[in-house]
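Worksheet: the structure to be examined is printed underneath.
The values are calculated or read from the model by the stated rules, or taken from the named source; none is laboratory data. What you see is a predicted model, and the numbers here were worked out from it, not measured in a lab. So basically every Cβ, Gly included, is an ideal-geometry build from the backbone, and we count neighbours across all protein chains shown. Remember, those area values only see protein heavy atoms, side chains included, never the ligands or the DNA or RNA. Shrake-Rupley method; radii C 1.70, N 1.55, O 1.52, S 1.80 Å.
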Amino acid sequence: MFTRRQTLGLIGAAAASTILPQVRTASAAQTTLRIGWQKFGVLALARRTGALEKRLEAKGVSVEWNEFTSGPPLLEAVGADALDFGVTGDVPPLFAQAAGGNLLYVGAYRGPAAFHGLLVHKDSPIQTIEDLKGKKLAYKRGSSAHNFALKVLAKAGLSLSDITEVDLPPPDAGAAFKNGAIDAWAIWDPFFAVAEADPQTRVVTTSEGLLDNWGYFLGNGTFTAAHPEIIADVIDELAKVGAAAQADLDGTVKTLSEITGVPADITRVTLTRSQADLGKVSLFPDQALTYQQALADDFYKLGVVPKQLNVSDIVWRPKAS
């Protein structure tokens, strides 16, 4: 079972997902790049290796790291000028844009096909997606798991009105799942992989074949406009970190396991899922824009976001040198 200790290992010193960490204000010196990170993926590896510090040192730029458990509060900080750069899934940027946050899409990456999973207890009466009707389904509202949950429900012809939505960040959802307070849990890796490994947990479905698992790097609008060369350097360096990590999966498994506290065998599962490739980091591509705009349109029609969004309004395109 997904224990509180395992959850805390993933969280580390991160703030609760509904609380903005005490990061420096917008008046901080612009020679400091303030990064919001979560304990997974290329950005976590870059933090461990010091790759960004080495890349930016010649430009007189220092790096400050602030840890988060999910995307919504991270992007709240980016949009409020409390951070300069961060990483998140597909849904948080929609809420941040709708709230008028001062942020831009500056890069993207592709996650594994089965990055998300819908979990129930081994002896649960829920055997199919249709069986979710009338049940308590937990996920973090405004996170990528929110999109996954909606796609799962739609596949079975269900909507939010057919289930009891329980808005919980991963630590609280893990505890609620363990004690039976919720019937099902929609969650992302590495939380998904940890819970999946427990013999008392059963996977009803995953995101494979259901949605494209895009993730994004976002920059504060003011910082990006003032320092486009720093943002370009960061994306380029993260692509290099990702390619090197993908070429040495054994070493990457060991490093990420140390970072997250997740056992190496479970970490390997997250890195070897179908379509997993840490090197798939780039500036924001047209394919991601098409996907993200369709997601924004869907969420507006469902009443999840309060207004129609034009995603291209906050996409950063570096000027040709």
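Out of Val91, Val23, one residue alone is in contact with a Phe, Trp or Tyr (Cβ under 9 Å, 6 or more places away or on another chain) and either buried (at least 20 other Cβ atoms within 10 Å of the Cβ) or modelled with pLDDT under 50 (or both). It is Val91. Residues that are over 23 Å from Ala243 (Cα atoms), β-branched (Val, Ile, Thr) and open to solvent by less than 20 Å² (accessible area, probe 1.4 Å) do occur in segment 41-61, at least one of them. Annotation note: of Ala232, Ala288, Ala225, the sole residue that is of a type in the set (Gly, Ala, Ser), at pLDDT 95 or above and closer than 26 Å to Trp188 by Cα is Ala288. Among the residues making up segment 271-291, those that are surrounded by 13 or more Cβ atoms within 10 Å (Cβ to Cβ) and touching a Leu at 6+ places or on another chain (Cβ under 8 Å) are Leu271, Leu278, Val281.
For every residue, the table says whether it meets (1) of a type in the set (Asp, Glu); (2) touching a helix residue (DSSP H, G or I) at 6+ places or on another chain (Cβ under 7 Å); (3) modelled with pLDDT of 50 or more.
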{"site": "Arg5", "(1), (2), (3)": "no, no, no"}
{"site": "Gly50", "(1), (2), (3)": "no, no, yes"}
{"site": "Gly79", "(1), (2), (3)": "no, yes, yes"}
{"site": "Asp84", "(1), (2), (3)": "yes, yes, yes"}
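Scanning segment 114-155 for residues that are in a loop (DSSP other than H, G, I, E, B), over 20 Å from Pro170 (Cα atoms) and hydrophobic (A, V, I, L, M, F, W, C) gives a single hit, Ile126. In segment 67-83, the residue that is farthest from the chain's Cα centre (by Cα) out of those that are closer than 10 Å to Ala96 by Cβ and open to solvent by 10 Å² or more (accessible area, probe 1.4 Å) is Ala80. Looking at Tyr109, Tyr105, Tyr139, just one residue is open to solvent by 40 Å² or more (accessible area, probe 1.4 Å) and of a type in the set (Phe, Trp, Tyr), and that residue is Tyr109.
Among the residues of segment 174-191, the ones that are modelled with pLDDT of 95 or more and under 16 Å from Ser144 (Cβ atoms) come to 3 in all.
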